[in-house]
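Worksheet: the structure to be examined is printed underneath.
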Amino acid sequence: MKAAVIVFPGSNCDRDCKVAVERSTGAQVEMVWHGDTALPGGLDLIVLPGGFSYGDYLRCGAMAALSPVMAEVKAAAERGVATVGICNGFQVLCEAGLLPGALLQNERLKYVCKPVALEVTNAQTRFTSGYGGRREVVMTVGNGEGNYFADEATLDRLEGEGQVVFRYRDNPNGSARDIAGIVNPKGNVLGMMPHPDRAFEAELGSADGAILFQSALASA
Amino acid sequence: MKAKVHVFLKPGVLDVQGKAVEQALHGLGWSGVEGVRVGKTIEFDLAADDRAAAEAEVKAMCDKLLANTVIESYRVELA
């Protein structure tokens, strides 16, 4: 099993993601610099980590989405490689056009950093299959611009097609329809604001994030 | 040629910053203020002689990078 964590200038959860994936799955994890023009061969999982890529200049994730390595990430995602963008990584996936919608400033203009309860809205995706019958998991959010936005037609489509994967039980940032995480139509690209990488062992308050990484790699 | 690009959140997309500024203005006594939107201006020099071509080029820049048309609209000024 092999995974890659993409490192942008300003990423700050990149090492957390590496440790989280290694400890929860035993996979070998390589760090890939944003300026690279090739990904390591034989990848089963790509992680776009949280942080403030390019200092959030212009818009969160906008510059990172145009990094040289993103052309490779797009190609890999199109080939079906499991790809997860967490927090800033979710913003990058939206800016790159791999997921619909965008993340706006939080409704109450406040940076929120706390554990949140999430409804597992779709337990049939390759990222959530490991939750089995569990309908609720706990992970931490840490964002100032985590307010998911898409037009009504897109939201209807996401809901209708089972692309909404996680919902907030108690919406911390104003996200449309309480959406915390979505997948692409093929189901291999997941974007989410909560951090599974901050919830991979009980000492962190929750180990629910580990199951997400395990599911992603079990289905690879 | 000088280009100025004005980027704002689209009407209908909640501009929380604009809302906060509006409330602050109300607090200062300007009760007649409504619909505050906070946007940004990006300006730069562009090597171009032809106005129409320059405008097309700046619009391409907006669509590719300067604005996210899912949530933002933009206006281009050339001088």
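The values are calculated or read from the model by the stated rules, or taken from the named source; none is laboratory data. A quick note: this is a predicted structure, and the numbers were derived from the prediction, not measured. Here the Cβ positions follow ideal geometry from the backbone for every residue, glycine too, while neighbour counts run over all protein chains shown.
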With respect to the numbered conditions (1) at pLDDT 95 or above; (2) under 23 Å from A:LEU109 (Cα atoms), which one is the sole condition not fulfilled by B:PRO11?
(1)
Scope region A:25-76; condition outside any helix (DSSP H, G or I), within 13 Å of another protein chain (Cβ to nearest Cβ) and touching a helix residue (DSSP H, G or I) at 6+ places or on another chain (Cβ under 9 Å); matching residues
A:LEU58, A:ARG59, A:CYS60, A:GLY61, A:ALA62, A:MET63, A:SER67
If I filter region B:7-50 down to residues being more than 24 Å from A:GLY101 (Cα to Cα) and acidic (Asp, Glu), which single residue comes out as surrounded by the most Cβ atoms within 10 Å (Cβ to Cβ)?
B:GLU22
Restricted to region B:46-69 and to residues being within 25 Å of A:GLY61 (Cα to Cα) and in contact with a strand residue (DSSP E or B) (Cβ under 8 Å, 6 or more places away or on another chain), the residue nearest to the other protein chains (Cβ to nearest Cβ) is B:ASN68
When every residue in region B:1-30 that is of a type in the set (Gly, Ala, Ser) and closer than 23 Å to A:ASN147 by Cβ is compared, the one farthest from the other protein chains (Cβ to nearest Cβ) is B:ALA24
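Counting just the residues of region A:83-115 that are aliphatic (A, V, I, L, M) and closer than 21 Å to A:GLU159 by Cα, which one comes out surrounded by the fewest Cβ atoms within 10 Å (Cβ to Cβ)?
Filtering region A:83-115 down to residues aliphatic (A, V, I, L, M) leaves A:84, A:86, A:92-93, A:96, A:98-99, A:102-104, A:109, A:112.
Still in the list and also closer than 21 Å to A:GLU159 by Cα: A:84, A:86, A:93, A:98-99, A:102-104.
Working: A:VAL84: 28, A:ILE86: 31, A:LEU93: 31, A:LEU98: 20, A:LEU99: 26, A:ALA102: 22, A:LEU103: 27, A:LEU104: 23.
Step by step, filter region A:83-115, then rank; the result is A:LEU98.
Mind counting the residues in region A:91-126 that are within 14 Å of chain B (Cβ to nearest Cβ) and of a type outside the set (Asp, Glu)? Talk me through it step by step, then tell me what you get.
If we filter region A:91-126 for residues that are within 14 Å of chain B (Cβ to nearest Cβ), which is where we start, we get A:91-112.
Adding the requirement that they be of a type outside the set (Asp, Glu) leaves A:91-94, A:96-106, A:108-112.
Here the count works out to 20.
Just wondering, is there one or more residues in region A:211-218 that are free of Cβ contacts under 8 Å to residues at least 60 places away in the same chain, assigned to a helix (DSSP H, G or I) and either within 17 Å of the chain's Cα centre (by Cα) or closer than 23 Å to A:LEU45 by Cα (or both)?
Within region A:211-218, none of the residues are free of Cβ contacts under 8 Å to residues at least 60 places away in the same chain, assigned to a helix (DSSP H, G or I) and either within 17 Å of the chain's Cα centre (by Cα) or closer than 23 Å to A:LEU45 by Cα (or both).
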Kindly indicate which of B:GLU77, B:GLU72 is in contact (Cβ under 8 Å) with a residue 60 or more places away in the chain, within 13 Å of the chain's Cα centre (by Cα) and within 14 Å of chain A (Cβ to nearest Cβ).
B:GLU72
For region A:133-149, indicate whether the set of residues that are free of Cβ contacts under 8 Å to residues at least 12 places away in the same chain and surrounded by fewer than 20 Cβ atoms within 10 Å (Cβ to Cβ) is non-empty.
yes
Taking region B:58-79, which residues are surrounded by fewer than 17 Cβ atoms within 10 Å (Cβ to Cβ) and modelled with pLDDT of 95 or more?
B:LYS59, B:ALA60, B:ASP63, B:LYS64, B:LEU65, B:THR69, B:SER73, B:ARG75, B:GLU77, B:LEU78
Would you confirm whether or not region A:11-18 contains a residue that is among the polar types (S, T, N, Q) and surrounded by fewer than 24 Cβ atoms within 10 Å (Cβ to Cβ)?
yes
